[in-house]
Amino acid sequence: MSLNILIDTVFVGQWIGANAIAAINVVLPVSFFIGALGMAIGIGGSSVISRALGNKNLDKALLTFGNQLTLTLIFTVSFVILGLYFIETLIPLFGGKGALYEPAKIYYTIVLYGVPVLGFCMMGNNVVRAEGKPRYAMYAMMLPSISNLSLDILFIYIFNWGMAGAAWATTISYGVCALYLVYFFRSKNSELQISFKHFILDLGIVRQIGALGSVTLARQAVVSVVVLLVNTILYDFGGETTVAVYAIISRTLMFALFPVLGITQGFLPIAGYNYGAQDYQRVREVIKTALLYATTMACIISMLIFIFTESFVSIFTDDAAVLNQTPNALRWVFAATPIIGIQLIGAAYFQAIGKALPALLLTLTRQGFFLIPLIFILPPYFGVFGVWIAFPIGEFIATLITGFYLLKEIKTQLDTSSH
């Protein structure tokens with residue numbers, strides 16, 4: 001999935017131009033937030049479905065899935081209506097000003113039509129995994145990636161449709177994913193064969209979905225807010241070129257950090273299971289192992305970024321101004337990446353042991369509590385450079401705080417187990 005995002009950006013940058021990369025980054029907060037909403041409904045409901053299927057309570061599982069579909073449809077269609085109504089206000093607000101306005105508007109409008117389908121894909125994918133069918137969930141993610149890349153070549157390079165081609169390639173690829181998920185849920189591979197009565201909202205089920213999905217939604221939503229704010233601030237201080245620079249950096253961050261995030265996701269069920277079994281020695285072992293692998297991976301990624309910065313950036317565009325500014329900015333943004341594993345594993349640990357509030361607060365420290373204030377405070381003094389240095393400073397402070405609370409929690413466990 002991360003490779004798809006990266007290659008998609010390369011195609012757009014090489015075949016349309018640097019402003020096209022920037023324009024897509026302007027729209028990114030919208031699609032990312034809708035994806036997050038679908039993911040939150042999916043993860044929240046999937047937890048209920050997993051436990052219901054484990055308890056042989058198929059009726060509750062069916063009702064939960066039906067309610068997930070209803071909630072996804074209500075929220076996503078509402079976003080489409082509001083998004084189209086306020087289009088003239090939202091595009092400039094997200095950083096789509098000047099030369100970026102028109103390409104951003106074209107891309108935004110077409111992608112917005114596919115928002116309900118995107119929400120269904122992100123929700124449905126988590127439900128497939130909740131049924132214990134991760135192989136099918138993987139297919140559901142691979143198919144749109146393949147179709148998106150193929151359609152990019154057809155619509156942008158062969159048909160020369162420009163931004164509209166990039167947008168239609170993305171939107172149609174959502175449809176491919178949705179069709180596959182519909183096929184799965186209607187086939188004998190799925191236990192969730194729902195009927196009309198399951199679509200009627202049940203307040204108790206909705207509350208459970210909301211409570212369990214809120215941490216995921218908050219975490220993903222703050223990423224959208226950061227992209228939105230950084231786009232706006234960079235445009236004000238550096239114009240279209242700096243927005244294009246950030247677009248390349250944000251795609252690189254997504255791609256580079258997914259291995260570390262994968263380790264974090266793998267850590268969650270093991271830590272939670274052993275904590276539930278009160279095997280605190282095993283919990284400490286899995287924390288140490290996850291930290292070791294996450295930090296090693298983050299160090300390797302950082303080293304590669306620092307060594308091959310210029311070569312990597314040149315893959316995206318041949319625009320001289322973007323090529324001149326991006327390498328230095330990329331190095332600064334990645335400066336604190338070697339320690340990012342501590343922050344991610346630490347926050348995930350509290351989620352694993354069922355402490356939702358500390359998990360939410362520590363998750364938000366990374367980009368919410370420190371990065372957002374810093375991108376407002378530093379640029380008036382340091383200009384565009386202030387935005388770039390805000391990333392490692394925020395990362396460093398968040399890691400210190402998370403590390404402190406993680407050590408404190410581990411010490412509490414040691415005291416508990418010794419008694």
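The values are calculated or read from the model by the stated rules, or taken from the named source; none is laboratory data. Keep in mind the model is a prediction, meaning the values are calculated, not measured. Heads up, the Cβs are rebuilt from the backbone with ideal geometry, glycines too, and the neighbour counts pull from every protein chain shown.
Within this structure, Q351 fails the test of being modelled with pLDDT under 90, under 13 Å from E395 (Cβ atoms) and either of a type in the set (S, T, N, Q) or part of a helix (DSSP H, G or I) (or both). Screening L361 against (1) buried (at least 21 other Cβ atoms within 10 Å of the Cβ); (2) of a type in the set (A, V, I, L, M); (3) within 19 Å of the chain's Cα centre (by Cα) leaves a single unmet condition, (1).
Picking from residues in the stretch 310-326 that are within 24 Å of the chain's Cα centre (by Cα) and assigned to a helix (DSSP H, G or I), the one that is modelled with the lowest pLDDT is F312. All conditions in (1) in contact with a Pro (Cβ under 6 Å, 6 or more places away or on another chain); (2) polar (S, T, N, Q); (3) farther than 30 Å from G239 by Cα hold for T295, with the sole exception of (1). So for the stretch 164-185 (the condition being surrounded by fewer than 20 Cβ atoms within 10 Å (Cβ to Cβ) and under 20 Å from Q265 (Cβ atoms)), does at least one residue qualify? Scanning the stretch 164-185, I find no residue that is surrounded by fewer than 20 Cβ atoms within 10 Å (Cβ to Cβ) and under 20 Å from Q265 (Cβ atoms), so the answer is no. Just one of (1) in contact (Cβ under 8 Å) with a residue 60 or more places away in the chain; (2) more than 20 Å from the chain's Cα centre (by Cα) fails for G42. It is (2). For the stretch 230-241, the criterion of a residue being among the hydroxyl-bearing types (S, T, Y) and not in a helix (DSSP H, G or I) is satisfied by no position. On the stretch given as the stretch 274-309, residues that are in a helix (DSSP H, G or I) and either in contact with a Leu (Cβ under 7 Å, 6 or more places away or on another chain) or of a type in the set (S, T, N, Q) (or both) total 9.
Among residues that are touching a residue at least 40 places away in the same chain (Cβ under 8 Å), buried (at least 21 other Cβ atoms within 10 Å of the Cβ) and assigned by TED's automatic domain parsing to the domain that holds T64, I263 is not included.
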